[in-house]
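Worksheet: one structure, shown below.
The values are calculated or read from the model by the stated rules, or taken from the named source; none is laboratory data. Predicted model, so just to flag it, every value in this text is computed and none were measured. Cβ sites come from the backbone with ideal geometry, for glycine too, and all protein chains shown count toward neighbours. Please note that ligands, DNA and RNA were not included when accessible areas were found on the heavy atoms of the full protein model with its side chains. Shrake-Rupley method; radii C 1.70, N 1.55, O 1.52, S 1.80 Å.
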Amino acid sequence: MSKRIGLIATGGTIAGVQAPDMQSYTAGIVPIGALLSGLRFEGAEIYPTQLANIDSCDMDADLWFALVRAVDTALADMDGIVITHGTDTLEESAFLLQLLVATRKPIVLTGANRPSNALGADGLRNLHNALCIACSERAHGVLVTMNDAIFAPTDCVKATTLGADCFAAHNGALGYVQQGAVHFLRTQSRELPHFAARSPECFARVEILLSYAHNGLGAILGALKEDGVRGVVIAGSGAGNVHFALKRALANRAHGLTIVCASRVARAFVAPAMLQAPQWIAAGYLSPFAARILLALLLGSGATHDAIARAFAVFGD
Ligand code: ASP
């Protein structure tokens, strides 16, 4: 019996259209039905849903949780799910889904670096690969695929805007798709924290502060607190270093904020031993964007400081 695959479309360059002069393009134009009509895939029955059609730079918590609920619904009677998504924030949505949806069924996110009508458009190939992964008996949980590679949401990042090889992963690819065959080199082994959150209210306000030379960001800390922000992720330089001006401002003005230290470097590890203040929490190998999502869900679920530290320790051993 053929598999049933839910296909949830959210937009992005995979649904983008390039202008006739090929100088610019707009993401999130082509409906999923039109994209599908250009694809031959006989391995499954595909059930498409157009959840949104946006440029994913505009992703927000309302759409995130609508996506989570659409995934919950599809999981009830589908064998796997494919999500088309802009690549700008695809890694963030993938990590959020991984923390919120507990399933062994495959949920595969994909996109494209080139618009649908560009020369050498990569979207249909990525979509085809994603469908192959969603049908594979060896694929489990949330995965990302681009340019024939399969990645874990915990450590993949958009690494280039050039060419089709859009994503890179700190710990390397999990596997590859070759001529429709799905090969895994390793599996995702970590026991990740899980959350029951199903609405934007469960996502506490957490912002990211970047550390850089001649840093003046400390000045905005007071404003952040007045704005209801409950946590801060620092995107430190190197292995979690923080400019003294920002550090001083955090010491003086950040009381009551939970502070997690990550790194602005694409392949970095921030260990607890590197922290520059005893109450800060190390992000391990999580990017500042992933760390922000985890911290927002932890604070939104009422986790204590110790519980937050334990959740981040999963990514730091
Ligand atoms: N701006 C686009 C988006 O994220 C980029 C892409 O999809 O590659 O929606």
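Details
- Of all the residues in the stretch 166-189, those that are free of Cβ contacts under 8 Å to residues at least 40 places away in the same chain, of a type outside the set (Gly, Ala, Ser), open to solvent by 40 Å² or more (accessible area, probe 1.4 Å) and part of a loop (DSSP other than H, G, I, E, B) number 3.
- Of the strands (runs of 3 or more DSSP E) lying entirely inside the stretch 205-266, those carrying at least 1 residues that are small (Gly, Ala, Ser) are 231-236, 258-263.
- Residue within the stretch 149-156 that is over 15 Å from the mean Cα position of the chain (by Cα) and surrounded by fewer than 20 Cβ atoms within 10 Å (Cβ to Cβ) present: no
- Members of the stretch 99-128 that are assigned to a helix (DSSP H, G or I), open to solvent by 10 Å² or more (accessible area, probe 1.4 Å) and within 16 Å of the ligand (Cβ to nearest atom): LEU124, ARG125
Results for (1) within 15 Å of the ligand (Cβ to nearest atom); (2) modelled with pLDDT of 95 or more; (3) buried (at least 16 other Cβ atoms within 10 Å of the Cβ), shown as yes or no for each residue.
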{"residue": "THR10", "(1), (2), (3)": "yes, yes, yes"}
{"residue": "ILE14", "(1), (2), (3)": "yes, yes, yes"}
{"residue": "GLY33", "(1), (2), (3)": "no, yes, no"}
{"residue": "CYS57", "(1), (2), (3)": "yes, yes, no"}
{"residue": "LEU67", "(1), (2), (3)": "yes, yes, yes"}
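- Meets criteria (within 17 Å of ASN126 (Cα to Cα), of a type in the set (D, E, K, R) and open to solvent by 40 Å² or more (accessible area, probe 1.4 Å)) for GLU42: yes
- Sole exception among (1) under 29 Å from PHE65 (Cα atoms); (2) at pLDDT 95 or above for TYR285, by number: (2)
- When residues of the stretch 281-291 are limited to those that are closer than 14 Å to VAL157 by Cα and of a type outside the set (Gly, Ala, Ser), the one most open to solvent (accessible area, probe 1.4 Å): PHE289
- Qualifying residue in the stretch 156-172 (condition: of a type in the set (Lys, Arg) and within 16 Å of the ligand (Cβ to nearest atom)): yes
- Any hit, the stretch 72-80, residues being in contact (Cβ under 8 Å) with a residue 12 or more places away in the chain, in contact with a Leu (Cβ under 8 Å, 6 or more places away or on another chain), open to solvent by less than 10 Å² (accessible area, probe 1.4 Å) and away from the ligand (no atom under 13 Å from the Cβ): no
- Per the listing ALA254, ALA235, the residue uniquely surrounded by 13 or more Cβ atoms within 10 Å (Cβ to Cβ), within 21 Å of ALA296 (Cβ to Cβ) and in contact (Cβ under 8 Å) with a residue 40 or more places away in the chain is ALA235.
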